[in-house]
Amino acid sequence: MGLINEEWRDCKRKNKNQRKAYYLSAEFLIGRSLGNNLINLGIYDEVKELLNEIGIDFESIENYEDDAALGNGGLGRLAACFMDSAASQNLNMYGYGVRYREGIFKQSIENGFQVEEGDSWLKDGDAWSIRVDSDAKIVKFRDQQVKAVPFDMPVLGFENGVVNTLRLWQSEPFEEFNFSKFNNYQYDEAVSEKNRAEDITRVLYPNDMQRAGKVLRLKQQYFFSSASIQDLVEKYKKSYPEDLKFENFHKYHVIQLNDTHPIMAIPEFIRVLVDENGIFFEDALAIANKIFAFTNHTVLQEALEKWNKDIVLEVSPRCLEIIEQINDKLVGEFKKKGLSEEAIDPYRIVRFDQVHMANLAIYIGFSVNGVAEIHSQILKDDTFSHWYKYRPEIFNNKTNGITPRRWLVYANRELSDFISEKLGTDNWKYDLKLLKGLEKYVDDEASLDRLWEIKANKKKDLAKYILDQEGIKINPESIFDIQVKRIHEYKRQHLNILHVIYLYHKLKKNPDLDFYPTTFIFGGKAAPGYFRAKGMIKLINEVARVVNNDRDVNDKLKVVFVENYRVSYGEKLFPAADISEQISTAGKEASGTGNMKFMLNGALTLGTLDGANIEIFERAGEENNFRFGATVDELKEIATSYNPVEFYSKDQNIKDVVDSLVSGEFDDNGSYMFLDIYNELINPQNGQRADQYYLLKDFDSYRRAQEEVNDAYRDKRAWSRKMLINIANSGFFSSDRTIENYADDIWKIDKNEENK
Ligand code: 26Q
């Protein structure tokens with residue numbers, strides 16, 4: 001931190017009074033910082049060597065650092081990649097979020113079942129934040145007020161001396177300890193007040209739609225939104241004395257709302273302007289119209305946040321009033337246009353006593369974006385089609401990306417050095433499109449063999465790590481087929497494991513089958529209240545137990561579920577993958593970013609035409625990957641006629657694997673988890689048809705694609721060539737490109753040349 005401090009101060013000074021983007025996000029899934037910060041400072045090698053000289057292994061030092069796991073998955077990791085890229089691109093972007101005392105739960109597997117434990121990542125201290133008491137804010141709820149204390153984390157640009165700031169708010173009691181109560185022997189009450197305040201930022205909520213809608217969750221959202229807005233307004237008033245007119249506020253601020261979670265910032269902004277600064281409501285609204293931009297990350301209906309009015313009332317009565325006022329204005333406007341009450345319904349912010357957060361953001365904001373081409377199209381065609389009719393000009397796309405520093409330079413040093421050697425420069429670390437230059441070597445046998453060797457080394461490293469962590473021995477020469485991501489029906493980990501069952505049965509029947517040995521690796525957390533996702537974990541572990549203990553198939557087939565998949569585990573998995581499993585139901589995965597991390601590390605994608613897979617296939621060529629499954633349009637066509645039982649009865653392979661769920665071959669220890677999955681696949685339930693996610697429809701296509709993988713792997717040179725082409729075409733998926741797109745199209749902020 002000593003090294004960083006001076007430059008940090010410098011950057012803050014230079015960037016004062018400049019237009020900035022503020023990235024408001026309930027999640028920043030940072031992972032570890034040590035290695036990454038040393039890389040970005042350009043002193044990684046030096047430090048590693050110095051430690052080596054005194055007999056200290058750098059990796060053992062790294063392992064002391066807990067992951068800062070302040071996010072669920074893709075959305076939170078994207079925010080962290082954006083922070084890295086903005087600093088590396090010399091862009092004035094400031095992050096605002098929540099300093100959860102507990103990150104996403106730690107997962108352990110007991111008897112095949114997921115068990116959750118707390119993640120008190122701060123227990124050994126936090127080396128990367130500075131508490132800034134002087135910038136603390138008061139956040140007022142209906143029945144409570146708390147202190148929001150900022151903790152600033154420096155965000156280092158890659159070898160450019162830039163230090164941006166990620167400010168995370170922590171909730172504390174307004175008065176450290178209520179001594180009058182203490183002195184009056186109301187000890188319990190004083191303590192409970194403290195706890196009630198600390199509760200607000202105690203824990204990150206898992207993306208558990210069934211258990212969403214809790215007051216505390218909305219309090220969290222309002223807490224960090226309010227503190228951030230107050231911070232901006234206060235700083236504005238301090239720094240722009242001669243320019244101090246709120247009508248100029250938008251010249252200096254643009255606020256990107258990372259999904260619906262920070263949307264309370266909108267009514268809060270209006271509240272602060274109207275109630276605390278004497279601005280007219282209409283004028284405050286006009287300013288708000290110029291500063292808020294909204295990103296959507298999911299099209300699953302159950303994920304679009306709606307809050308009961310009584311909950312909003314409990315959190316902030318004044319904000320509810322403002323929301324109602326905005327809603328009235330909206331309804332008035334649409335009536336003027338001649339829309340009937342009914343036609344206005346889909347636009348309403350308040351409807352049936354619920355507040356529709358997305359409608360609020362789209363009505364007020366000046367930009368709405370999706371996170372991959374197909375996703376942004378679906379927003380226009382379906383999810384927000386009503387809004388698209390009314391305000392088409394605000395819709396846009398920003399295809400996601402990942403930071404190449406963490407996911408290649410840091411995670412895969414060997415490959416990184418190979419690339420620099422081949423390109424004769426390491427400029428590609430700043431400008432990932434330069435990877436295209438690798439295509440020169442597609443037919444160079446020495447390069448292809450070296451690439452194969454690097455992958456082989458990474459696989460050996462992972463095999464060692466898995467033996468150590470999971471106690472499972474895997475063959476480093478087998479195909480490493482990896483699916484790591486949150487566990488969800490739409491991501492279809494159960495399609496993958498059902499196919500493993502198919503292979504297992506096939507190998508049992510014919511142990512001499514010509515099958516290239518394959519290791520299927522899974523990892524990911526299920527939301528604690530999501531019974532079926534937990535069933536999928538149990539199924540994977542149970543199949544693993546049976547298969548791995550069966551000598552008949554053991555030299556050909558292995559299944560591993562890695563415990564507690566997280567950023568730092570990912571750093572070992574992506575470099576070692578041969579196959580990247582991206583098998584979501586078409587139309588359901590907004591973008592995916594794991595797919596990009598695999599691609600950058602030379603894995604071939606086995607995937608559906610969904611999310612950013614489509615753009616990966618477009619760039620690297622379908623012939624260098626493995627595409628399967630129904631398309632969005634095909635699924636749309638059969639949406640009302642689809643009957644999975646037809647597939648079940650007609651295809652013996654399908655019948656066989658589906659039946660194995662309830663035949664007793666795999667034991668769910670009386671949890672009925674496997675029966676639940678079986679029922680979902682072939683029995684209509686709660687007035688819904690079976691197989692919501694089209695597993696049986698896609699099964700045969702997936703099976704054939706897997707067969708192609710197994711055949712293709714035998715030709716090492718041809719496979720290495722595909723690897724190389726994938727790497728060479730992964731440049732587009734740098735979050736440097738994504739963040740530049742945001743800066744140019746939405747934020748209209750320039751690079752800060754003064755820092756150069
Ligand atoms: C909502 C209400 C209450 C509690 C939790 C939540 C909640 C929290 C997190 C809902 C959703 C999330 C996270 C969503 C997410 O990670 N979406 C992913 O975003 C990535 C980045 O854009 C995409 O690549 C993925 O496709 C998308 O699934």
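A residue that is under 31 Å from the mean Cα position of the chain (by Cα) and within 16 Å of the ligand (Cβ to nearest atom) occurs nowhere in region 343-350. For region 90-107, taking the residues that are surrounded by fewer than 24 Cβ atoms within 10 Å (Cβ to Cβ) and within 15 Å of the ligand (Cβ to nearest atom), the one that is farthest from Asp750 (Cα to Cα) is identified as Phe105.
In summary, Ile487 fulfils each of the numbered conditions (1) over 22 Å from Ile583 (Cα atoms); (2) crowded, with 23+ Cβ neighbours inside 10 Å with the single exception of condition (1).
When each of Tyr678, Tyr648, Tyr642 is tested for being part of a loop (DSSP other than H, G, I, E, B), among the aromatic types (Phe, Trp, Tyr), surrounded by 15 or more Cβ atoms within 10 Å (Cβ to Cβ) and at pLDDT 95 or above, the lone residue that passes is Tyr642.
Between Ile263, Ile311, the distinction of being within 16 Å of the ligand (Cβ to nearest atom) and closer than 23 Å to Leu75 by Cα belongs to Ile263 only. Residues in region 184-219 that are at pLDDT 90 or above and assigned to a loop (DSSP other than H, G, I, E, B): Ile200, Thr201, Arg202, Leu204, Tyr205, Pro206, Lys214.
Here is the figure for region 1-43: residues that are surrounded by 20 or more Cβ atoms within 10 Å (Cβ to Cβ) and among the acidic types (Asp, Glu) total 1. Number of residues in region 414-458 that are free of Cβ contacts under 8 Å to residues at least 40 places away in the same chain and surrounded by fewer than 16 Cβ atoms within 10 Å (Cβ to Cβ): the value is 12.
Cβ-Cβ contacts under 9 Å between residues 6 or more apart (or on different chains), taken from a first residue in region 622-642 that is more than 28 Å from Leu600 (Cβ to Cβ) to a second residue that is of a type in the set (Ser, Thr, Tyr) and modelled with pLDDT of 95 or more, are listed as Leu635/Thr585; Leu635/Tyr642; Leu635/Tyr694; Ile638/Tyr694; Tyr642/Tyr694. Out of the residues in region 57-73 that are of a type in the set (Gly, Ala, Ser) and crowded, with 24+ Cβ neighbours inside 10 Å, state the one that is nearest to Thr260 (Cα to Cα). Looking at the filtered set, the residue picked out is Gly71. Considering only residues in region 159-174 that are part of a loop (DSSP other than H, G, I, E, B) and within 27 Å of Pro262 (Cβ to Cβ), the one that is modelled with the highest pLDDT turns out to be Val162. Each residue in region 105-130 was checked for being of a type in the set (A, V, I, L, M, F, W, C), more than 30 Å from Val543 (Cβ to Cβ) and within 25 Å of the chain's Cα centre (by Cα), and 4 of them qualify.
For region 285-378, the strands (runs of 3 or more DSSP E) that sit wholly inside it and include 2 or more residues that are crowded, with 19+ Cβ neighbours inside 10 Å are 292-295, 354-356, 367-370. Return the pair list, or none, for Cβ contacts closer than 7 Å from residues in region 735-755 that are within 22 Å of Ala612 (Cβ to Cβ) and modelled with pLDDT of 95 or more to residues that are buried (at least 20 other Cβ atoms within 10 Å of the Cβ) and among the basic types (Lys, Arg), at least 6 apart or on different chains. Here the result reads Thr738/Lys398; Asn741/Lys398; Tyr742/Lys398, each pair linking region 735-755 to a residue that is buried (at least 20 other Cβ atoms within 10 Å of the Cβ) and among the basic types (Lys, Arg). One residue alone among Gly629, Gly670, Gly602 is more than 14 Å from the ligand (Cβ to nearest atom) and surrounded by fewer than 20 Cβ atoms within 10 Å (Cβ to Cβ), and that residue is Gly670. Gly592 meets all of the listed conditions (1) over 24 Å from Pro404 (Cβ atoms); (2) within 16 Å of the ligand (Cβ to nearest atom); (3) not acidic (Asp, Glu) but one, namely (1). Restricting attention to region 525-570, which residues are of a type in the set (A, V, I, L, M, F, W, C) and in contact with a Leu (Cβ under 7 Å, 6 or more places away or on another chain)? Selection gives Val547, Val553, Leu557, Val567. Only residues that are part of a loop (DSSP other than H, G, I, E, B) and either touching a Cys at 6+ places or on another chain (Cβ under 8 Å) or β-branched (Val, Ile, Thr) (or both) were counted in region 127-136, giving 1. So for region 691-700 (the condition being closer than 21 Å to Ala533 by Cα and surrounded by fewer than 19 Cβ atoms within 10 Å (Cβ to Cβ)), does at least one residue qualify? Yes - at least one qualifying residue is present in region 691-700.
The condition (being more than 16 Å from the ligand (Cβ to nearest atom) and at positive phi) is satisfied by just one residue among Asn548, Asn554, Asn496, Asn564: Asn564. Screening region 377-387 for residues that are more than 14 Å from Leu300 (Cα to Cα) and in contact with a strand residue (DSSP E or B) (Cβ under 9 Å, 6 or more places away or on another chain) and picking the one that is nearest to the ligand (Cβ to nearest atom) gives Gln377. Screening the candidates Ile200, Ile279 for the property of being more than 16 Å from the ligand (Cβ to nearest atom) and either within 19 Å of Arg99 (Cβ to Cβ) or not polar (S, T, N, Q) (or both) yields one hit, Ile279. Lys389 satisfies every condition listed in (1) in contact (Cβ under 8 Å) with a residue 40 or more places away in the chain; (2) surrounded by fewer than 24 Cβ atoms within 10 Å (Cβ to Cβ); (3) not in a loop (DSSP other than H, G, I, E, B) except (1). When Asn327 is tested against the conditions (1) polar (S, T, N, Q); (2) touching a strand residue (DSSP E or B) at 6+ places or on another chain (Cβ under 6 Å); (3) within 16 Å of the ligand (Cβ to nearest atom), the lone failure is (3).
The condition of being over 16 Å from Ile402 (Cα atoms), surrounded by fewer than 24 Cβ atoms within 10 Å (Cβ to Cβ) and modelled with pLDDT under 95 holds for only one of Asn564, Asn541, Asn554, that being Asn554. Checked against the criterion of being over 18 Å from the mean Cα position of the chain (by Cα), within 19 Å of Gly74 (Cα to Cα) and within 16 Å of the ligand (Cβ to nearest atom), the candidates Gly570, Gly607 yield just one match: Gly607. I'd like to check something: does region 24-35 contain any residue that is of a type in the set (Asp, Glu), within 16 Å of the ligand (Cβ to nearest atom) and over 24 Å from Gly161 (Cβ atoms)? Yes.
As a summary of the residue check, Ala87 satisfies the conditions (1) away from the ligand (no atom under 16 Å from the Cβ); (2) closer than 25 Å to Gln170 by Cβ; (3) surrounded by fewer than 21 Cβ atoms within 10 Å (Cβ to Cβ) except for the one numbered (3). Among Tyr678, Tyr713, which is the only one that is of a type in the set (Ser, Thr, Tyr) and within 30 Å of the chain's Cα centre (by Cα)? The unique qualifying residue is Tyr678. Going through (1) modelled with pLDDT of 95 or more; (2) more than 22 Å from the chain's Cα centre (by Cα); (3) part of a loop (DSSP other than H, G, I, E, B) one by one, Phe177 falls short only on (1).
The values are calculated or read from the model by the stated rules, or taken from the named source; none is laboratory data. This is a predicted model, so every value here is computed, not measured. Glycine also receives a Cβ, built like all others from the backbone with ideal geometry; neighbour counts cover every protein chain displayed.
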